[in-house]
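*Asks:* Okay, here's the structure, questions in a sec.
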Amino acid sequence: QGYDMVIFYYDLDGHPIMYTPKKRNHEEHFYRVRFQNPEERKDKNGRPIKYYSPSGSGTHLYIPQKIRSMYKQSRKIKRLFIQEGEKKAEKSCKHDVLSVGVMGIHNIGSYNTMPKELQLIIQKCEVEEIVFMLDADWQDLSSNLKVYDNVQQRPLSFFYAIKNYKEYMLSLRNLDINLEVFFGAVRTNEKDDKGVDDLLANTLKGSEDELKKDIEQTINDKADEGNYVEIHKITSL
């Protein structure tokens with residue numbers, strides 16, 4: 001039941017992000033589709049397809065309106081979160097966990113280049129701390145392992161995604177930008193919330209402010225694990 005969600009992308013100035021479809025000579029507004037029923041669409045390995053974007057349209061940063069407004073007003077964002085997906089970024093921003101979205105854990109940059117928009121936000125909003133948030137199952141092995149499959153494949157994929165992200169952030173030192181670099185994840189809980197949006201809509205529904213408090217305490221206490229999230233400082237790790 002329900003409808004697929006079509007998500008259009010806009011840049012920091014509020015202009016549509018454009019791309020040129022294959023075999024066409026005109027630009028179109030870039031979008032992604034979040035399928036309501038991924039099980040109805042499978043990839044070549046039989047896995048459900050959650051998202052679709054036009055072939056050859058590239059990798060783009062999703063910028064919620066709240067972040068766009070703060071950028072235009074040159075307001076300070078001490079701690080910026082990178083969320084996997086548009087829904088997580090929007091839901092987090094609604095509860096003052098200021099976030100942008102990426103299209104996947106390996107899509108923080110492309111062709112060894114970080115999105116220009118992310119760099120501009122960090123510079124203009126004087127970001128001091130950056131946190132890449134993962135889903136609760138980030139440490140799990142693949143649920144589709146078969147005989148002779150490489151058991152390490154999924155954990156290594158997450159490791160290299162975080163390693164790549166860290167290197168992008170530290171490369172900003174060439175611009176005299178010194179960030180404290182963190183990665184975090186939702187902790188496994190009774191309601192089986194996977195992402196930050198699930199956590200806010202289920203376990204923390206009606207008390208969403210607890211997420212920001214938990215993040216603050218976890219980072220400030222250097223405890224790594226809070227009640228709802230775990231956050232690890234990796235600036236020099």
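*Asks:* When you check VAL100 against the structure, is it open to solvent by less than 10 Å² (accessible area, probe 1.4 Å) and either outside any helix (DSSP H, G or I) or of a type in the set (Phe, Trp, Tyr) (or both), yes or no?
*Replies:* Taking the combined requirement at face value, the residue satisfies it.
*Asks:* Here's another thing I want to ask about it. For the range 92-109, give me each residue that is more than 20 Å from GLU129 (Cβ to Cβ) and at pLDDT 95 or above.
*Replies:* Correct list: LYS94 only.
*Asks:* Right, here's the next one. Restricting to the range 59-80, give me the number of residues that are closer than 18 Å to ILE7 by Cβ and surrounded by 19 or more Cβ atoms within 10 Å (Cβ to Cβ).
*Replies:* Total meeting the criteria: 6.
*Asks:* Kindly evaluate LYS76 against the criterion of being farther than 27 Å from ALA201 by Cβ and in contact with an Asp or Glu (Cβ under 8 Å, 6 or more places away or on another chain).
*Replies:* In short, yes.
*Asks:* Out of ASN202, ASN178, ASN164, ASN227, which single residue is of a type in the set (S, T, N, Q), at pLDDT 90 or above and closer than 30 Å to LYS44 by Cα?
*Replies:* ASN164
*Asks:* Right, another one. Working only within the range 110-132, note down all residues that are open to solvent by 10 Å² or more (accessible area, probe 1.4 Å) and either under 15 Å from GLU84 (Cβ atoms) or under 11 Å from the mean Cα position of the chain (by Cα) (or both).
*Replies:* PRO115
*Asks:* What residue, of GLY195, GLY184, is surrounded by 16 or more Cβ atoms within 10 Å (Cβ to Cβ) and touching a helix residue (DSSP H, G or I) at 6+ places or on another chain (Cβ under 7 Å)?
*Replies:* Going through GLY195, GLY184 in turn, the sole match is GLY195.
*Asks:* Any residue in the range 196-208 that is closer than 19 Å to LEU98 by Cβ and of a type in the set (A, V, I, L, M) sitting within a Cβ distance under 9 Å of a residue that is in a helix (DSSP H, G or I) and open to solvent by 50 Å² or more (accessible area, probe 1.4 Å)? List the pairs, counting only those 6 or more apart or interchain.
*Replies:* VAL196/LYS91; LEU200/LYS91; LEU200/LYS94; ALA201/LYS91; LEU204/GLU210
*Asks:* Then there's this: Kindly provide the set of residues from the range 94-111 that are out of contact with any strand residue (DSSP E or B) (no Cβ under 8 Å at 6 or more places or on another chain), closer than 20 Å to PHE183 by Cα and of a type outside the set (D, E, K, R), ordered by number.
*Replies:* Selection gives HIS95, HIS106, ASN107, GLY109, SER110.
*Asks:* Please find, among LEU156, LEU237, LEU141, the residue that is within 21 Å of ILE108 (Cβ to Cβ), open to solvent by 80 Å² or more (accessible area, probe 1.4 Å) and modelled with pLDDT under 95.
*Replies:* LEU237
*Asks:* Sticking with this structure for a sec: Among the residues of the range 1-58, what is the count of those that are exposed (fewer than 10 other Cβ atoms within 10 Å of the Cβ) and in contact (Cβ under 8 Å) with a residue 60 or more places away in the chain?
*Replies:* Of the residues in the range 1-58, 2 are exposed (fewer than 10 other Cβ atoms within 10 Å of the Cβ) and in contact (Cβ under 8 Å) with a residue 60 or more places away in the chain.
The values are calculated or read from the model by the stated rules, or taken from the named source; none is laboratory data. If you're wondering where the values come from, they're calculated on a predicted model, not measured in any experiment. Neighbour counts run over all protein chains shown; Cβ positions are idealised from the backbone, glycine included. Remember, those area values only see protein heavy atoms, side chains included, never the ligands or the DNA or RNA. Shrake-Rupley method; radii C 1.70, N 1.55, O 1.52, S 1.80 Å.
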